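The values are calculated or read from the model by the stated rules, or taken from the named source; none is laboratory data. What you are looking at is a predicted structure, and each value in this text was computed from that prediction instead of being measured. Cβ sites come from the backbone with ideal geometry, for glycine too, and all protein chains shown count toward neighbours. Heads up: the accessible areas ignore ligands, DNA and RNA and are worked out on the full protein's heavy atoms, side chains in. Shrake-Rupley method; radii C 1.70, N 1.55, O 1.52, S 1.80 Å.
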Amino acid sequence: MTGGAGVGGPGTNGAAGSGLSTLEKARIVLAGVVAPALIVLLGWRLTLSWQDLPGEIPSHWQGEGATSFSAPADIISSWVFGASFAALAAMLGTAAMAWGWQWTRLSRGFSATLVGVTGAVMTGLVLSLAVARGLTTEQVVERGAAPGMLGVFGGFALWLVLALWTLPRARPLQRS
């Protein structure tokens, strides 16, 4: 088969012309498809299990303080929706770029960035709610938005580095 829809997808010569080993393909699937889904599912399950959250948690901050409040379930739903959207983008983006297993530097960077965004959203949620456990709404307001913001920024850096570490390096494009 030449140039058809072989084992490696359209435009490849099957698995033999892909340039990636089975282990590298597995690493792409693990980091770019499985990890984003696990990040969201585990973060969602963890935060839903916490019964000691205040009745209301700040949901919006402006200037020096909180400007609106929501129930923990509403906050969890909002953040999980955002993380799910990022995870779906990571999974579909990685699958689309890996189709045919022509893995480039752009593919690796794009996939790792989307995994980082997914991790940022969920780490921000988990950290901000972990800090709020056992506190009153007033105590949460006194602590401010810093824990959640640190979770977002730190989560992005952590998950981006883990994804880059897991994803294989780019391969030169195969010419037919």
Regarding the stretch 47-56, can at least one residue be identified that is at pLDDT 90 or above, under 24 Å from the mean Cα position of the chain (by Cα) and crowded, with 21+ Cβ neighbours inside 10 Å? yes
Scanning the stretch 1-46 for residues that are part of a helix (DSSP H, G or I), modelled with pLDDT under 90 and either among the hydrophobic types (A, V, I, L, M, F, W, C) or more than 27 Å from the chain's Cα centre (by Cα) (or both) gives 15, 16, 17
Read through the list (1) open to solvent by 60 Å² or more (accessible area, probe 1.4 Å); (2) closer than 30 Å to residue 165 by Cα; (3) of a type in the set (A, V, I, L, M, F, W, C), then give the number of the only condition that residue 89 fails. (1)
Testing residue 69 on (1) surrounded by fewer than 18 Cβ atoms within 10 Å (Cβ to Cβ); (2) in contact with a strand residue (DSSP E or B) (Cβ under 7 Å, 6 or more places away or on another chain); (3) in a helix (DSSP H, G or I), one condition comes back false. Which one is that? (3)
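Out of all the residues in the stretch 102-126, which are open to solvent by 50 Å² or more (accessible area, probe 1.4 Å), modelled with pLDDT under 95 and within 15 Å of the chain's Cα centre (by Cα)? Reasoning before the result, please.
As a first pass, look at the stretch 102-126 and keep what is open to solvent by 50 Å² or more (accessible area, probe 1.4 Å): 105-106, 110, 113, 117.
After this cut, where a residue has to be modelled with pLDDT under 95 as well, the list is 105-106, 110.
Correct list: 110 only.
Does residue 131 satisfy the condition of being of a type in the set (A, V, I, L, M), surrounded by 15 or more Cβ atoms within 10 Å (Cβ to Cβ) and at pLDDT 90 or above? Steps first, answer last, please.
Numbers: of a type in the set (A, V, I, L, M): yes; surrounded by 15 or more Cβ atoms within 10 Å (Cβ to Cβ): yes; at pLDDT 90 or above: yes.
Yes; evaluated as a whole, the condition is true for this residue.
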Looking at 99, 61, 79, 165, which one is touching a residue at least 60 places away in the same chain (Cβ under 8 Å), part of a helix (DSSP H, G or I) and open to solvent by 70 Å² or more (accessible area, probe 1.4 Å)? 99
